[in-house]
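Heads up: the structure comes next, in structure tokens.
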Amino acid sequence: MRLVLVRHGQSVWNLENIFTGWSDVDLSHQGRKEASESGRKLLEAGIDFDVVYPSYLKRAIHTATIIMDEMNRNWLPLIKAWQLNERHYGALQGLNKAQTAEQYGDDQVKLWRRSYTTLPPLLEPGDNRDPHNLPMYRDVDPSLLPMGESLAITVKRVLPYFNSEIKRDMLNGQRVLVVAHGNSLRALLQELEEYSDDDIISLEIPTGSPLVLEFDDDFSVLRSFYL
């Protein structure tokens, strides 16, 4: 069995060094180029798919569609899942990281970004960033929508979805591509490659680079590599 993971191409807020989280920003010009290159690498490697899972966020959806266009697989089903969204950065979303560090200090910002369990400042109810008020989440149980998340909380929504939907497809012989985000992919890799809590927070996942994982019949990872 094989699973391919791709972190979306560079977004406009990645470029501007802004906390993004669930903010629905698009790819930068560089991000679109990265997505195209991912599709070309997958095509050249002879890797094909039966189903594609992006998050609800347009930077992941657009990365997935660009990859499929490069591979001439536009007809493949895209199953969008909010559970694959990036970690929710709460009230930090939309703030410049450098300016936030100037205000709160480097140590505090590092704790918010890199601690496994520390929550960011939470959104207040009624904030225009509150997912409870956004149309894209109108069919999601409100009790499941966060006002901010640690990586540990992100893991608790990503893994159940992976195990119930994506892993099921893989065990049924489907070839799966997941296009998601730095922290939602960390959540998957912590489980699949057995990273410790300390090691997973320092794992860097490059944008727009296909990561291939190959599994044995017991669903243990035999090897993983970037194209």
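The values are calculated or read from the model by the stated rules, or taken from the named source; none is laboratory data. Everything quoted here is computed from the prediction, not taken from an experiment. Here the Cβ positions follow ideal geometry from the backbone for every residue, glycine too, while neighbour counts run over all protein chains shown. Accessible surface areas use protein heavy atoms only, side chains included; no ligands, DNA or RNA. Shrake-Rupley method; radii C 1.70, N 1.55, O 1.52, S 1.80 Å.
What the table shows:
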| read-out | value |
| --- | --- |
| Viscosity 1.002 mPa s, 20 °C: Kirkwood-radius Stokes-Einstein D of the range 26-154 over Cα pairs, µm²/s | 127 µm²/s |
| In Å², nearest 10: area of residue 112 left accessible to a 1.4 Å probe | 20 Å² |
| If the convex hull is drawn through the Cα atoms of the range 8-62, its volume per residue in Å³ | 71 Å³ |
| Mean Cα-pair separation over length for the chain, i.e. relative contact order, pairs under 8 Å, 6 or more apart, % | 32 percent |
| Surface per residue (accessible, 1.4 Å probe) for the range 1-81, Å² | 41 Å² |
| Alpha-carbon Rg/Rh ratio, for the range 77-141, with Rh computed the Kirkwood way | 1.04 |
| Within a Gaussian network of the chain (alpha carbon springs, distance under 10 Å), most fluctuating of 113, 168, 157 | 168 |
| The range 33-80 - Rg and Dmax from Cα coordinates, angstrom | 9.9, 28 |
| Reachable lysines from residue 41, criterion Cα separation under 29 angstrom, eight or more residues apart if same chain | 33, 58, 80, 167 |
| For the range 109-185, alpha-carbon Rg over 2.2 N^0.38 Å | 1.31 |
| For the chain, diffusion coefficient by Stokes-Einstein and Kirkwood Rh (Cα), 10 °C, 1.306 mPa s, µm²/s | 89 µm²/s |
| Computed label-point distance, nm, for sites residue 74 and residue 118 using a 7 Å Cα→Cβ extension | 4.7 nm |
| Calculated log₁₀ intensity ratio I(q)/I(0) where the Debye formula runs over C-alpha points of the range 171-215, q = 0.13, 0.20, 0.23, 0.34 Å⁻¹ | -0.32, -0.71, -0.90, -1.40 |
| Share antiparallel - DSSP beta bridges, the chain, percent rounded to 5 | 50 percent |
| Pairwise label distance in nanometres, residue 144 with residue 29, each label 7 Å out on the Cα-Cβ vector | 3.9 nm |
| Fraction in percent of alpha-carbon pairs per bin - 5 Å, the range 142-207 | 3, 15, 25, 24, 18, 10, 4, 0 |
| Simple label model, 7 Å out from Cα along Cβ direction - residue 204 to residue 107, nm | 2.5 nm |
| Accessible surface of the chain, 1.4 Å probe, proportion on carbon and sulfur as whole % | 46 percent |
